[in-house]
Structure formats: C-alpha cells, structure tokens
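Trainee: Have a look at the structure that comes next, please.
No lab work stands behind these numbers, since they all come straight from the coordinates. Given the structure is predicted, the values throughout are model-derived calculations rather than measurements. Note that we place each Cβ from the backbone using ideal geometry, even for glycine, and neighbour counts take in every protein chain shown.
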Amino acid sequence: MRSRSGDEGSVTAEFAAVIPAVMLVLAGSLVCLQLGSQQLRLQDAAAVTARALARGDAAPTYEGAARSTSTQGDLLCARLSLAAQPPLFVPLSAQSCALA
C-alpha cells in the first residue's frame, strides 16, 4: 500500500511537537506534588508546636520557618511561615491552635 505523498514524517513531527507539552505538564504535576507535601509537613509542625507551647514545653523548630504565636480565648495558636524558596518559589504558611 502506498502512502499519499507529503504525509511521510508527519507522525514524527507531531510527536516532536507534543513532547515539550507533555514534559511541561509532568514538571507542573511534580511541583504541585512537592508543594502539597511541604504544606502537609508545615501543618503537622504547626500542630506539634501549638501543642508543645500549650503544655509549656519547648517548641520544636521547623527548619527555615518563621514562628509567631497568638491567643484566641482559651486557645494558643502557632503560625509557621516559609518564605518562597527555590525550586518552588511559593510562600507557605500553616496555623494550628491548642487548648491552653
């Protein structure tokens, strides 16, 4: 069977055009996964910090995070914030409260 003239190599050209788009989607997905993971770790650290401060214990530190505390009635709240860092360049923050 003969192919129509001019169609030879079109699949290769289309494949070459799609590869950068697939790589961009894959990279974006990996960045989102990393951000979600970092946010979960930060939220867990904020909860541990709030509980420790409410008990009167020394609060653990989360590397690179700025900590602030506040009280809201009977609750002692801890907020952890991470500045934008490479390769994600997105600032993150988490807050958790514990009964004082």
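Trainee: Based on this model, can you work out whether residue 94 counts as surrounded by 10 or more Cβ atoms within 10 Å (Cβ to Cβ), among the small types (Gly, Ala, Ser) and in contact with a helix residue (DSSP H, G or I) (Cβ under 6 Å, 6 or more places away or on another chain)?
Mentor: Here the answer is yes, as residue 94 does meet what is asked.
Trainee: Right, another one. Looking only at region 49-76, which residues are in contact (Cβ under 8 Å) with a residue 40 or more places away in the chain and either among the aliphatic types (A, V, I, L, M) or under 29 Å from residue 28 (Cα atoms) (or both)?
Mentor: 50, 53, 54
Trainee: Moving on to the next point. Taking the stated definitions as given, is residue 78 out of contact with any His (no Cβ under 8 Å at 6 or more places or on another chain), among the hydrophobic types (A, V, I, L, M, F, W, C), closer than 27 Å to residue 98 by Cα and surrounded by 10 or more Cβ atoms within 10 Å (Cβ to Cβ)?
Mentor: yes
Trainee: When you scan region 51-74, how many residues do you find that are under 16 Å from residue 41 (Cα atoms) and not polar (S, T, N, Q)?
Mentor: Going through region 51-74 one residue at a time, the tally reaches 9.
Trainee: Starting from region 77-98, keep only residues that are in contact (Cβ under 8 Å) with a residue 40 or more places away in the chain, then list their pairs with residues that are in a strand (DSSP E or B) and hydroxyl-bearing (Ser, Thr, Tyr) whose Cβ atoms are within a distance under 6 Å, requiring at least 6 positions of separation or different chains.
Mentor: 93/81
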